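Inspection log for the structure reproduced underneath, given as structure tokens.
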Amino acid sequence: MRKKILSRAPVRICDIGGWTDTWFYGSGAIFNFCVDLYSYVFLVENGQEQIRIKSDNLGINTTIKDYNSIEYNGTLDLIKAGIKRLDIKKGLDIYIKTEAPPGSGTGTSASVAVALISALLKISEIELNHEEIAKLAHKLEIEELKLESGVQDQFAAAYGGINFMEIEYPFVNLQQINIEESRRYELEKQLILVFIESRSSNDMHKAVIENYKKRDSNTVASLDIMKSCAKEMRNAINSNLEDIGKIMNKNWKAQKSLHPLMTNPLIQKAEKIALENQAIGFKCNGAGGGGSVTILSKIEYEHKLKNKLMENGFRILPCKLSFKGVKSFEL
């Protein structure tokens, strides 16, 4: 009987301290929230000498016909990297689907990598813990594909929940944060996740890294502020919402000062609508420059704010907190 494996992993939003989980900053801190927008990987043994991969979201597919000569050519390379790294040499059909839009700045690629690794481990009858899966997912990007990648997204996808991470790149000391049930419901009611547009952050990464290497005072100061915001959020998460909103705004102000590409007319439009409709916190997710934003609304103003955003063409994404990390099942 041919095995069938289903795996899923969450994405993260509102990454306070983002940019400080990188190789060039070195010693950073991150606070983020996982939400129930999942990346799914479905594996089916096909009884053939090839691996067929299909991405529902991207509408593309590819086939690996020779296990020993996998080529990275820009088509579903992250999936190929997982297959190569785990030395998978059996016929599989692999289906990839993400609920978060590609390029949304929520760590979707890391979520896919974590779900893929978990599924491949399951079908190979190999066990790794969450930390080992996260580390391996990170290596797919930096070692196999030679990409720029922080470490927060892989750990968030592996563990789920609300996380504070102390970073000594590439090592992560993760503390999962407990909140009162009432605070969870409050956050889920008041947090608004808004899709802006798909974006690539390559140009921003290059510019910020170059400025940091030159020890540009503004870049260094901004990153230090963002790191301190992550620590402040760890202490404020169980206090009042206004404090949480202030930290989001402080982090976003520092993030914007890293490079002009951090914001654009669409982000500015969303921020203006938020401010005019009683938002108390605003932050662009991930590197910035597009993707999505997290807004913290003042209580009882969230419906009006959502309506105003939708009237102006913005897409509201689901934003329930997810406290379960990556999981695979044999069907």
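For segment 237-331, the Cβ-based charge dipole about the Cα centre amounts to some 120 debye (Lys, Arg positive; Asp, Glu negative; other atoms uncharged).
What length, rounded to one decimal in nm, is gained on full extension from F171 through to E127, with 0.36 nm per residue of separation minus their alpha-carbon distance?
So the extension gain works out to 13.8 nm.
Taking amide hydrogens as placed 1.01 Å from N in the peptide plane, the amide H of D15 sits under 5 Å from those of G286, each at least 5 positions away in sequence or on another chain. Need the C-alpha centroid separation for segment 239-265 versus segment 266-308, integer Å. The distance from the Cα centre of segment 239-265 to that of segment 266-308 comes to 11 Å. Per-residue ellipticity at 222 nm from helix content only, as computed over the chain with -39500 (n - 2.57) for each DSSP H run of at least four residues, stands at -11500 deg cm²/dmol. Spin-label pair N46-S257: with each label point 7 Å from Cα along the Cα-Cβ axis, the two points sit 5.3 nm from one another.
Expressed as a whole percent, the accessible area of segment 71-163 that falls on carbon and sulfur atoms is 44 (1.4 Å probe).
The angle separating the long axis of helix 265-276 from the principal Cα axis of greatest extent in the chain is about 50 degrees.
Of all DSSP beta bridges confined to the chain, the antiparallel ones make up roughly 90%. Taking a ≥ b ≥ c as the square roots of the eigenvalues of the Cα gyration tensor, an a/c ratio below 1.5 marks segment 102-173 as rounded.
So with the 1.4 Å probe, I'd like the accessible area per residue for the chain, rounded to whole Å². Write out the running numbers ahead of the final one.
Values: 14550 Å² over 331 residues.
Accessible area per residue, the chain: 44 Å².
Model label sites at K231 and N68, defined 7 Å from Cα along the beta-carbon direction, differ in position by 5.4 nm.
Counting only heavy atoms of the protein chains and using a 1.4 Å probe, Y72 has close to 70 Å² of accessible surface.
For the set K65/K97; K213/K246; K3/K122; K135/K327; K269/K304; K89/K146, the pairs lying more than 20 angstrom apart at their alpha carbons are K65/K97; K213/K246; K89/K146.
From largest to smallest, what semi-axes in whole angstrom does the chain give when each is the square root of 5 times an eigenvalue of its alpha carbon gyration tensor?
33, 21, 19
Taking 0.36 nm per residue of sequence separation and removing the Cα-Cα distance, the K324/N218 pair yields an extension gain of 34.4 nm.
The values are calculated or read from the model by the stated rules, or taken from the named source; none is laboratory data. Remember, it's a predicted structure, so these values are computed and weren't measured experimentally. Note that each Cβ is placed from the backbone with ideal geometry, even for glycine, and that neighbours are counted across all protein chains shown. Quick note on the areas: whole protein, heavy atoms, side chains included, nothing else; ligands and nucleic acids left out. Shrake-Rupley method; radii C 1.70, N 1.55, O 1.52, S 1.80 Å.
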